[in-house]
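Step one of this worksheet: look at the structure below.
Read-outs: derived from the displayed coordinates by stated rules, not from any lab. If you're wondering where the values come from, they're calculated on a predicted model, not measured in any experiment. We place every Cβ from the backbone using ideal geometry, glycine too, and count neighbours over all the protein chains shown.
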Amino acid sequence: MHRRGAEWARQQEADVPLRFRLGFHTVPSMRQLHLHVVSEDFDSHFMKHKKHWNSFTTAFFRPITDVIDELRTNGSVRIDLEEVARLLSSPVRCFRCLQEFKTVPDAKLHVRTCAASALETLTSAEGSG
């Protein structure tokens with residue numbers, strides 16, 4: 001699953017200047033195991049509501065490598081339901097610079113031009129806690 005998802009993302013990235021994330025929702029939306037391969041522009045007509053946005057732009061979305069590591073180390077994936085609720089109800093933010101927005105369309109517009117690096121944002125957020 002990981003290999004096929006990564007292959008597909010690489011093919012897409014060759015055609016368009018997008019980056020892709022591979023991962024799982026902390027609490028799956030369906031019983032069947034499924035991997036999300038999502039572009040970092042998050043520009044889909046299906047991405048309409050705060051819960052949708054937050055399910056892909058917060059820690060609710062678990063990178064596949066993190067899930068694999070946790071499974072190898074612990075034999076299972078830990079789910080904190082209070083944290084899940086907090087993540088899904090948190091304000092709409094840019095996943096790169098963490099700027100807050102009132103609406104998902106406003107966040108989508110901002111992401112198109114945000115120059116911050118997601119890696120820099122994660123590093124600075126970890127250091128500030």
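Quick notes on this structure:
- For the range 1-28 versus the range 90-105, the inter-centroid distance based on Cα atoms is 22 Å.
- Label separation (LEU33 vs LEU18): 2.6 nm, computed from points 7 Å beyond Cα along the C-beta direction.
- The range 2-90, relative contact order in percent, only Cα pairs under 8 angstrom and at least six apart counted: 30
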